[in-house]
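One structure is given here, and the rest of the page talks about it.
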Amino acid sequence: MKKLLLTVVLLFSCLGLYAYEKGQVSIGLGAIYSPIEIGTDYGEVNVDNTTIGDSHDAKLGKPGWGGELQALYFLNPRVGVGLSFSDQYFASDLSSGWYVHNHARIQNYMAVGHIFLTPNSSFKLYIPLAIGAGHTVYTKDFSEKGDRKHHFSYTGFAYYAGVGVEKALSSHWNLGLEARYNGNRFHASSTCRNGDHLTVYPRANFFSLILRAIYTL
């Protein structure tokens, strides 16, 4: 019995000891969840009515859901570089400052780097870093009927940084979990039907959790 238990422990301890090799390519498909907190660094934006000199904060919407496609090329077992595309939608929610409904969609096009701290471990801990462009479309609805919507669109600098862990399931499949802080520049304007001029700024930032299935070629 002791020998059997020892064998099982050894098998589980060795499970997933697949280090990435130089020249390998991985393809990851992830599901993203982004909670919204209070403040312009955590899921809100500033909205100024420059015509009447009024200013409020407003949510991006409800917590966001989306997907991400990512491809990495490994320079060595510790460093992978590549590209990613993500698309998230924040459903309509009542803003905390303006008593109107808001929703947003954010698409990110990023150059990505993963730095693995424990490349030979069963659980591979890594630091994800990325820079690129973010396209944000933000909508404010000033009526319950949905006939007074104002759209704000902006494409600008985006980045993210965080921490992640991968578990190798076989020589080709990995499961990953990643937490990161996303930064998206955002500055756009719109004129209401009554002539009031609205400006939304300065960023659309938030935290995200990503659950990712990864296949290594």
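The values are calculated or read from the model by the stated rules, or taken from the named source; none is laboratory data. Here the structure is a predicted model, which means the values were calculated and not measured. Note that each Cβ is placed from the backbone with ideal geometry, even for glycine, and that neighbours are counted across all protein chains shown. Remember, those area values only see protein heavy atoms, side chains included, never the ligands or the DNA or RNA. Shrake-Rupley method; radii C 1.70, N 1.55, O 1.52, S 1.80 Å.
All conditions but one from (1) open to solvent by 70 Å² or more (accessible area, probe 1.4 Å); (2) assigned to a strand (DSSP E or B); (3) under 17 Å from Glu44 (Cβ atoms) apply to Tyr99; the one that does not is (2). Among the residues making up segment 119-134, those that are open to solvent by 50 Å² or more (accessible area, probe 1.4 Å) and either at pLDDT 90 or above or hydroxyl-bearing (Ser, Thr, Tyr) (or both) are Phe123, Leu125, Ile127, Leu129, Ile131.
State which residue is modelled with the lowest pLDDT when the search covers only segment 38-59 and only residues that are surrounded by 15 or more Cβ atoms within 10 Å (Cβ to Cβ) and outside any strand (DSSP E or B). Only one residue tops the list, namely Thr40.
Taking the conditions (1) closer than 14 Å to Ile106 by Cβ; (2) in contact (Cβ under 8 Å) with a residue 40 or more places away in the chain in turn, His197 satisfies each one other than (1).
Residues satisfying the criterion are absent from segment 145-162 (criterion: touching a residue at least 60 places away in the same chain (Cβ under 8 Å) and touching a strand residue (DSSP E or B) at 6+ places or on another chain (Cβ under 8 Å)).
Scanning segment 166-188 for residues that are open to solvent by 60 Å² or more (accessible area, probe 1.4 Å) and either part of a strand (DSSP E or B) or closer than 26 Å to Asn120 by Cβ (or both) turns up Leu169, Ser171, His172, Trp173, Leu175, Leu177, Arg185. Looking only at segment 189-217, residues that are open to solvent by 20 Å² or more (accessible area, probe 1.4 Å) and under 9 Å from the mean Cα position of the chain (by Cα) come to 2 in all. Restricting attention to segment 150-165 and to residues that are under 26 Å from Thr191 (Cβ atoms) and surrounded by 15 or more Cβ atoms within 10 Å (Cβ to Cβ), the residue that is modelled with the lowest pLDDT turns out to be His150. Pick from segment 60-92 the residues that are crowded, with 21+ Cβ neighbours inside 10 Å, in contact with a Lys or Arg (Cβ under 8 Å, 6 or more places away or on another chain) and hydrophobic (A, V, I, L, M, F, W, C): which of them is farthest from Val200 (Cα to Cα)? Of everything passing the filter in segment 60-92, Phe74 is farthest from Val200 (Cα to Cα). Residues in segment 1-37 that are under 30 Å from Val100 (Cα atoms), of a type in the set (A, V, I, L, M) and at pLDDT 90 or above: Ala31, Ile32.
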